[in-house]
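Visitor: Can you read through this structure? Questions will come right after.
The values are calculated or read from the model by the stated rules, or taken from the named source; none is laboratory data. Computed from a prediction, not measured in an experiment: that's the story for all the values here. Every residue, glycine among them, receives a Cβ derived from its backbone with ideal geometry; neighbour counts consider all protein chains shown. The protein model used for the area step is the full one, side chains on, heavy atoms only, and it has no ligands, DNA or RNA in it. Shrake-Rupley method; radii C 1.70, N 1.55, O 1.52, S 1.80 Å.
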Amino acid sequence: MSVAVRRALAAAALPLLLGALGACGYGSEKKEDRAENAGAKGAKLSADTVRIGYFPNITHATPLVGEQEGLIQKELGGTKLRSTTFNAGPSEIEALNAGSIDIGWIGPSPAINGYVKSKGKSLRIISGSASGGVKLVVDPKKISSLDDVKGKRIATPQKGNTQDVAFLHWIATKGWKVDPQSGKGDVSVVRTDNKVTPDAFKAGSVDGAWVPEPTASKLVSQGGKVLLDEATLWPDKKFVITNVIVSQKFLDKHPDVVEAVLRGSVRTNAWIKGNPDKAKASANAALKKLSGKELPAGILDPAWKSIEVTDDPLAKTLDEEAAHAVEAGLLEKPDLSGIYHLTTLNKVLKAEGGKPADAAGLGKQ
């Protein structure tokens, strides 16, 4: 065979060899690299970058999956997505107020507090994200019924946070008294970081906890028993656990970017609902990337089942949660008129063939 022929055959085989190597994973891009490259090919919106914030938590499945799968970046085109994770709502609100993030996924109580403290100037709720995923888990050796909770030590994540308010309200419905500031009374409310609660429960320093997922399922894996699912206390078993908020300044300056992020959020939620097993694996992969370890199936599976992603902000339940905080003595009666800006969300939902979201009278254009 002549040298010329050998060279021609080698040249023809090279693309096939590269294709085979690519199929085996050699030289392939990471998922985040693919998403960024895809975004770079699109037209840049009015901002070079949008900075989002969320918790490394299953109740924040939308941003976990949306970023992991590149679904939000895809809608942003050439505008880059940057993310920061937080362990508590107050620190995320501080970051939003300081301009460190532009859009955040957060619980209703810190969103309400941030809105009220700024007299409606700092933020707006622009979408829902998740419902459910909160449980009262107890040591069955110490507590066998709801009435047995009286006199026991029950953990909540933080004074005035969404679960703390919910537990204090539930205590009030039982006719028991607890000082909302100290947590002392007929029930001892022990404010404990979710990362610490499983160890406190295992050591016996708390008898139970009113906590979100996956902390609730972690406690069950340690021998705890679900005594009450908070969803059973709400109409249709739905209540807001995660909202999407935006800096008012960013919304005013970059409405096109906000729309793109919301479109990514809506399409991510649709993808999660259509691919629940893949979405669960994707969320776990994102958690591993953020924390260095993934959740075992025994914790992930029940946690995932108890949460429902939703674009609906469930505004009526937020208004009720605010009323519960007032009744508990943790918040003065707030003026929440205008806390919602759902015009952009409803524009996206209409384009996607969905039903419009309702602001329950608390909306503003």
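Visitor: Would you mind finding the one in Ser205, Ser144, Ser217, Ser182 that is assigned by the TED database to the domain that holds Glu230 and closer than 24 Å to Asp301 by Cα? Working first, answer last.
Guide: Values: Ser205 fails: closer than 24 Å to Asp301 by Cα; Ser144 fails: closer than 24 Å to Asp301 by Cα; Ser182 fails: closer than 24 Å to Asp301 by Cα.
It is Ser217.
Visitor: In addition: Check Lys159, Lys141 and return the single one that is open to solvent by 50 Å² or more (accessible area, probe 1.4 Å) and under 24 Å from the mean Cα position of the chain (by Cα).
Guide: Working: Lys141 fails: under 24 Å from the mean Cα position of the chain (by Cα).
None of the other options fit; the residue is Lys159.
Visitor: Could you please tell me which pairs satisfy a Cβ distance under 9 Å, a separation of 6+ or placement on different chains, a first residue in the stretch 290-302 that is free of Cβ contacts under 8 Å to residues at least 12 places away in the same chain, and a second residue that is open to solvent by 60 Å² or more (accessible area, probe 1.4 Å) and among the charged types (D, E, K, R)?
Guide: As it stands, the answer is Glu294/Lys288, since those pairs meet every condition given.
Visitor: Something else about it: Identify, by number, the condition in (1) assigned to a helix (DSSP H, G or I); (2) surrounded by fewer than 21 Cβ atoms within 10 Å (Cβ to Cβ); (3) of a type in the set (Ser, Thr, Tyr) that Ser337 doesn't meet.
Guide: (1)
Visitor: When only residues in the stretch 274-319 that are basic (Lys, Arg) and closer than 26 Å to Ala111 by Cα count, which is surrounded by the fewest Cβ atoms within 10 Å (Cβ to Cβ)?
Guide: Going through the stretch 274-319, the residues basic (Lys, Arg) turn out to be 278, 280, 288-289, 293, 305, 316.
Next, from what is left, pick out any that are closer than 26 Å to Ala111 by Cα: 305, 316.
On the way: Lys305: 14, Lys316: 18.
The selected residue is Lys305.
Visitor: Now for a separate question. Out of the stretch 170-203, which residues are under 23 Å from the mean Cα position of the chain (by Cα) and not hydrophobic (A, V, I, L, M, F, W, C)? Don't jump to the end; show me each part of the working.
Guide: Step one: list which residues in the stretch 170-203 are under 23 Å from the mean Cα position of the chain (by Cα), which gives 191-198.
Once the filter is applied, which keeps residues that are under 23 Å from the mean Cα position of the chain (by Cα) and not hydrophobic (A, V, I, L, M, F, W, C), the stretch 170-203 yields Arg191, Thr192, Asp193, Asn194, Lys195, Thr197, Pro198.
Visitor: Let me ask something additional. Output the residues belonging to the stretch 60-94 that are over 19 Å from Ala285 (Cα atoms), among the aliphatic types (A, V, I, L, M) and open to solvent by 10 Å² or more (accessible area, probe 1.4 Å).
Guide: Ala88, Ile93
Visitor: State which residue is farthest from Pro313 (Cα to Cα) when the search covers only the stretch 56-98 and only residues that are part of a helix (DSSP H, G or I) and small (Gly, Ala, Ser).
Guide: At the first step, the residues of the stretch 56-98 found to be part of a helix (DSSP H, G or I) are 58-68, 71-76, 89-98.
When the remaining residues are screened for being small (Gly, Ala, Ser), the result is 61, 66, 89, 91, 95, 98.
Details: Ala61: 15, Gly66: 18, Gly89: 17, Ser91: 22, Ala95: 22, Ala98: 25 Å.
This residue is Ala98.
Visitor: Could you check how many residues of the stretch 102-135 are hydrophobic (A, V, I, L, M, F, W, C), open to solvent by 10 Å² or more (accessible area, probe 1.4 Å) and either in a loop (DSSP other than H, G, I, E, B) or touching a Ser or Thr at 6+ places or on another chain (Cβ under 8 Å) (or both)? Even if it seems obvious, please write down each step before you answer.
Guide: Filtering the stretch 102-135 down to residues hydrophobic (A, V, I, L, M, F, W, C) leaves 103, 105-106, 111-112, 116, 123, 125-126, 130, 134.
Now narrow it down to the ones that are open to solvent by 10 Å² or more (accessible area, probe 1.4 Å): 116.
Adding the requirement that they be either in a loop (DSSP other than H, G, I, E, B) or touching a Ser or Thr at 6+ places or on another chain (Cβ under 8 Å) (or both) leaves none.
Residues that pass the stated criteria total 0.
Visitor: Output the qualifying pairs, or none if there are none: Cβ atoms under 7 angstrom, residues six or more apart or on different chains, first residue in the stretch 93-108 and over 12 Å from Arg51 (Cα atoms), second residue among the small types (Gly, Ala, Ser) and part of a helix (DSSP H, G or I).
Guide: Listed by first residue and then by second, the contacts come to Ile93/Gly114; Ile106/Gly89; Gly107/Gly89.
Visitor: Just to be sure before I move on: is Val187 farther than 19 Å from Ala315 by Cα and crowded, with 24+ Cβ neighbours inside 10 Å in the structure I sent? If you could, list the steps in order and put the result at the bottom.
Guide: Values: farther than 19 Å from Ala315 by Cα: yes; crowded, with 24+ Cβ neighbours inside 10 Å: no.
Against the criterion (farther than 19 Å from Ala315 by Cα and crowded, with 24+ Cβ neighbours inside 10 Å), Val187 does not qualify.
Visitor: Still on this structure, I have one more. Name the one entry in Asp164, Asp193 that is among the charged types (D, E, K, R) and either out of contact with any Ser or Thr (no Cβ under 9 Å at 6 or more places or on another chain) or open to solvent by 10 Å² or more (accessible area, probe 1.4 Å) (or both).
Guide: Values: Asp164 fails: either out of contact with any Ser or Thr (no Cβ under 9 Å at 6 or more places or on another chain) or open to solvent by 10 Å² or more (accessible area, probe 1.4 Å) (or both).
Answer to the selection: Asp193.
Visitor: I'm trying to understand the selection: among the residues of the stretch 353-365, which are over 20 Å from Leu123 (Cα atoms) and open to solvent by 80 Å² or more (accessible area, probe 1.4 Å)?
Guide: Pass one, the stretch 353-365, residues over 20 Å from Leu123 (Cα atoms): 353-356.
Those that are over 20 Å from Leu123 (Cα atoms) and open to solvent by 80 Å² or more (accessible area, probe 1.4 Å): Lys355, Pro356.
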